[in-house]
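Remarks on the structure that follows.
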Amino acid sequence: MAAFGPLSRITRLGCNFCRNHRLVFNRNSQKRGIASCIDPSYGLTDEQKEFQKVAFDFAANEMAPHMAEWDQKEVFPVEAMRKAAQLGFGGIYTRPEVGGSGLSRLDTSIIFEALSTGCVSTTAYISIHNMCAWMIDTFGNDEQRERFCPDLCSMEKFASYCLTEPGSGSDAASLLTSAQRKGDHYVLNGSKAFISGGGDTDVYVVMCRTGGKGPKGISCLVVEKGTPGLSFGKKEKKVGWNSQPTRAVIFEDCAVPATNRLGEEGQGFNIAMKGLNGGRINIASCSLGAAHASVLLARDHLLVRKQFGETLANSQFLQFKLAEMATKLVASRLLVREAATALQENRADAVSLCSMAKLFVTDECFNVCNQALQMHGGYGYLKDYAVQQFVRDIRVHQILEGTNEVMRMIISRNLLTES
């Protein structure tokens, strides 16, 4: 774990969850802290607690004060993310020899959960960037790894994952973007939809069809910004995730060197799915951070808001609701960490557990955040209060990285075909 050098060198300021009145956690939260029953540090090693604390501090000091502004002005916070990369967050599970931190999947989940308490949208983009860096590090040759990974790990350059197309979402294996081999290049034609970072990022990890129909005809190419024939659609207007741009990525006779192909022809779908297994844990971890923040926001609101002559905390109905929220949060965290461990150990149940974590955690954490908003009453619907942004930002987690309906398909297939 010594590979995570930047964390051991920075000054740790103490884990202040509460940075702004209203916008993250109110000032009373600083005094009350975290109830032991939902403490995310329980069960962690001392080293894991250290970098968790660094991530919480970064979230509180560098992300939370700007979360609302990034959302409302649709700012892609490049400099803040580069500061995160200085702490090792640009390539968390990429190998150290190409600039990564070399941490485990569990370590990665711990970090993304903590960062998301400061801004879910920005953390979610960082998680996608990390997935792309890992894919190049894992499936690329030495030349590709040395060419792309150091700049990705430092976030001097940013990456986007390009699988979804206008006509192939959940049915990813039916993608149509073609890549015809012509000499020492592939010529790409087609388009990708809903690409996080599209137009603002530098490296595009693209799944394209080099062979026949189905998954075995798909290959993976790395396309660099500025390549002739690469263009982008309009910036999409979204409900949440507004601190990261989303655009279509368009290829029109886009010539990409064959040396930019990851792995062999026909391996692209397998590469894409292996990336998504980790991506599903990452996005579930981002949901955890939002739910954790929302439980604390709800608790603090119940303690100070008065109706009918007493604080809302005296209502047994709301006490029970808060207890249910805390229980869902902790159950979700345990499932994510078990799935992360299974993926790290390459266990037979890893794919199903990653799907279970993505399904259960994104559903239940959205419910937690939504209930927290309800507890705030009309105030929860105002953009002065952070709870509404947590709700908006994590709603999409039930859709991307494989919809939750597809997660049910993966889990049920495992149950019915293995006996």
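Some notes on this structure:
- Residues considered: PHE269, PHE320, PHE251. Largest GNM mean-square fluctuation over the chain, using C-alpha springs under 10 Å, is found at PHE320.
- Taking Cα centre as origin and charging only the Cβ of basic (Lys, Arg, +1) and acidic (Asp, Glu, -1) residues, the dipole magnitude of the range 269-417 rounds to 80 debye.
- Gyration tensor verdict on the range 147-186 (Cα atoms; rounded if a/c is under 1.5, prolate if a/b is larger than b/c, oblate otherwise): oblate
- Simple label model, 7 Å out from Cα along Cβ direction - LYS83 to ASN189, nm: 4.7 nm
- Exceedance of the 32 Å cut-off in Cα-Cα distance is limited, within the set LYS328/LYS383; LYS182/LYS234; LYS73/LYS182, to LYS73/LYS182.
- Note on the chain: helix-only mean residue ellipticity at 222 nm, from DSSP H runs of 4+ residues weighted -39500 (n - 2.57) and normalised by residue number, equals -15500 deg cm²/dmol.
- Here each label is just a point 7 Å from Cα along the line to Cβ, and for GLN319 and TYR381 those points are 2.9 nm apart.
- Whether the range 211-287 is rounded, prolate or oblate, judged on the alpha carbon gyration tensor where a/c under 1.5 counts as rounded: oblate
- For the range 46-157: rounded, prolate or oblate by the Cα gyration tensor [a/c cutoff 1.5]: oblate
- Within the listed set ARG209, ARG261, ARG299, the residue fluctuating most in the Gaussian network model of the chain (springs between alpha-carbon atoms under 10 angstrom) is ARG299.
- Within the accessible surface of the chain, defined with a 1.4 Å probe on protein heavy atoms only, the carbon and sulfur portion equals 52 percent.
- Whichever aspartates and glutamates have a C-alpha closer than 20 Å to that of LYS358, once near sequence neighbours (fewer than 8 apart) are set aside: ASP107, GLU113, ASP171, GLU324, GLU338, GLU345, ASP349, ASP393, GLU401, GLU405
- Across the chain, Cα pairs under 8 Å and at least six residues apart give a relative contact order of 16 percent.
- Folded to 0 to 90 degrees: helix 268-304 orientation relative to the chain principal axis, Cα: 10 degrees
- Karplus-based coupling profile of the range 342-358, in residue order and whole Hz: 4, 5, 4, 8, 6, 6, 4, 8, 4, 4, 5, 5, 4, 5, 4, 4, 5, with θ = phi - 60° in 6.51 cos²θ - 1.76 cosθ + 1.60 and x standing for Gly or Pro.
The values are calculated or read from the model by the stated rules, or taken from the named source; none is laboratory data. Source: prediction; values computed, not measured. As a convention, Cβ positions derive from the backbone with ideal geometry for all residues, glycine included, and neighbour counts pool all protein chains shown. The area values use the complete protein model at the heavy-atom level, side chains included, leaving out ligands, DNA and RNA. Shrake-Rupley method; radii C 1.70, N 1.55, O 1.52, S 1.80 Å.
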